[in-house]
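Asks: What follows is a single structure, and I will ask about it in a moment.
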Amino acid sequence: MIAFHPIFVHPLPENHRFPMEKYELLPKQLLHEGTANESDFIVPDSLEIEKVLSVHSADYWDRLSNLQLSDREQRVSGFVHSQELIQRELCIMEGTRRLAEEALTKKLGFNIAGGTHHAFVDRGEGFCLLNDQVIAANDLLTQQGIQKILIIDLDVHQGNGTAAMLQDDDRVFTFSMHGRNNYPLQKEQSNLDVELDDGIQDKAYLHLLSEHLDRILSSFTPEFIFYQCGVDILASDKLGKLGVSMKGCQERDRLVFDAVRQLNVPVVCTMGGGYSPQIKDIVEAHAQTFRVGMHTIL
Ligand SMILES: [Zn+2]
């Protein structure tokens, strides 16, 4: 199942780093090439506020939802805040939460958005206001009887908010593989952080991923996996600083989905970043994650 969120908000006008078009183009590409059918898509409702408050502070949610965050806080978040923006964020949150619930029977879910891993308990940054994977993980732990969750975060930027929000929760293992010299410069501590040197290429990248996935799974047996599958690891990415090819990115997805298949557990993928100058590269990289996931899992 695929959660789609129609776009009606825009990031900071002076900020050209956030390609909103991909959220419209990717579903079209998936339909065009036959990877997905219309019936695979849902447009999620809005997340219940009590589920926001189960992981975010009441004070932060109050100020965020009443548009009371300062200009500086809004700039750090990457967006000019509006009711429409908050509403879209709630739908993205519900998208990941609902996909997780449905993946318990359907095995695989993709959110065309989300992966908002820079959101903390009481603040947002880097285009993330609320943390969808933490909200959905908490829902699985408290409502669905799931006891062990693995978060695989392969976006080029560290999942700093996710790491901080879950640092005291033994039920969730947070794994982030990210650029050593990339944002956020001050890293948080995940259960496992693998820092990548600038310019790293396919072979070394895939070797590290394979080795560390094996190591995690030798001591932690998840019942559920979230995959933050950002494609800002591509060599073409404006922000990524790495040297991974399109094929290497596909092999990355294959390693993750092969592990998921062997464990025979549900997986929900959230999109994360992707800032290549050519929008076709961003859409192709995301589309190949969908292709590999569907081919491997279903
Ligand atoms: Zn990123």
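The values are calculated or read from the model by the stated rules, or taken from the named source; none is laboratory data. For clarity, every value in this text was computed on a predicted model and none was experimentally measured. Neighbour counts are summed over all protein chains in view; Cβ atoms, including those assigned to glycine, are modelled from backbone coordinates with ideal geometry.
Asks: Restricting to helices (runs of 4 or more DSSP H) lying wholly in the range 67-146: which have 3 or more residues that are over 17 Å from the mean Cα position of the chain (by Cα) and under 27 Å from ALA36 (Cα atoms)? Reasoning before the result, please.
Replies: Details: elements: 71-77, 83-106, 132-143.
Of the helices (runs of 4 or more DSSP H) lying wholly inside the range 67-146, those with at least 3 residues that are over 17 Å from the mean Cα position of the chain (by Cα) and under 27 Å from ALA36 (Cα atoms) span 83-106.
Asks: Restricting attention to the range 211-222, does a residue exist that is among the polar types (S, T, N, Q), within 16 Å of the ligand (Cβ to nearest atom), within 22 Å of LEU141 (Cα to Cα) and not in a helix (DSSP H, G or I)?
Replies: Within the range 211-222, none of the residues are among the polar types (S, T, N, Q), within 16 Å of the ligand (Cβ to nearest atom), within 22 Å of LEU141 (Cα to Cα) and not in a helix (DSSP H, G or I).
Asks: Right, something else. Looking at (1) modelled with pLDDT of 95 or more; (2) within 16 Å of the ligand (Cβ to nearest atom); (3) surrounded by fewer than 21 Cβ atoms within 10 Å (Cβ to Cβ), can you tell me which one GLN262 breaks?
Replies: (2)
Asks: Scan the range 162-171 for residues that are touching a helix residue (DSSP H, G or I) at 6+ places or on another chain (Cβ under 9 Å) and either more than 14 Å from the ligand (Cβ to nearest atom) or among the aromatic types (Phe, Trp, Tyr) (or both) and jot them down.
Replies: MET165, LEU166, ASP169, ARG171, listed by residue number.
Asks: What are the pairs, 6+ residues apart or on separate chains, where a residue within the range 104-117 that is over 11 Å from PHE226 (Cα atoms) has its Cβ under 7 Å from a residue that is buried (at least 22 other Cβ atoms within 10 Å of the Cβ) and among the acidic types (Asp, Glu)?
Replies: Listed pairs, sorted by first residue: GLY114/ASP132; THR116/ASP132; HIS117/ASP153; HIS117/ASP155.
Asks: In the range 266-282, what residues are more than 16 Å from the ligand (Cβ to nearest atom) and closer than 15 Å to PHE110 by Cα?
Replies: Result: PRO266, VAL267, VAL268.
Asks: Taking the conditions exactly as written (surrounded by 24 or more Cβ atoms within 10 Å (Cβ to Cβ), assigned to a helix (DSSP H, G or I) and either of a type in the set (Gly, Ala, Ser) or modelled with pLDDT of 95 or more (or both)), does ALA285 satisfy them or not? Quick ask: steps written out before the conclusion?
Replies: Working: surrounded by 24 or more Cβ atoms within 10 Å (Cβ to Cβ): yes; assigned to a helix (DSSP H, G or I): yes; either of a type in the set (Gly, Ala, Ser) or modelled with pLDDT of 95 or more (or both): yes.
So ALA285 passes the test.
Asks: Return the total of residues in the range 140-161 being within 16 Å of the ligand (Cβ to nearest atom) and without any contact (Cβ under 8 Å) to a residue 60 or more places away in the chain.
Replies: So in the range 140-161, the residues within 16 Å of the ligand (Cβ to nearest atom) come out as 151-161.
Adding the requirement that they be without any contact (Cβ under 8 Å) to a residue 60 or more places away in the chain leaves 158, 160-161.
Here the count works out to 3.
Asks: So, one more: Which one is modelled with the highest pLDDT among residues in the range 265-282 that are in contact with a strand residue (DSSP E or B) (Cβ under 7 Å, 6 or more places away or on another chain) and more than 24 Å from GLU101 (Cβ to Cβ)?
Replies: Start the filter on the range 265-282 by keeping residues that are in contact with a strand residue (DSSP E or B) (Cβ under 7 Å, 6 or more places away or on another chain), which leaves 265-272, 276, 281.
So of that shortlist, the ones also more than 24 Å from GLU101 (Cβ to Cβ) come out as 276, 281.
Values: SER276: 93, ASP281: 97.
Among residues in the range 265-282 that are in contact with a strand residue (DSSP E or B) (Cβ under 7 Å, 6 or more places away or on another chain) and more than 24 Å from GLU101 (Cβ to Cβ), the one modelled with the highest pLDDT is ASP281.
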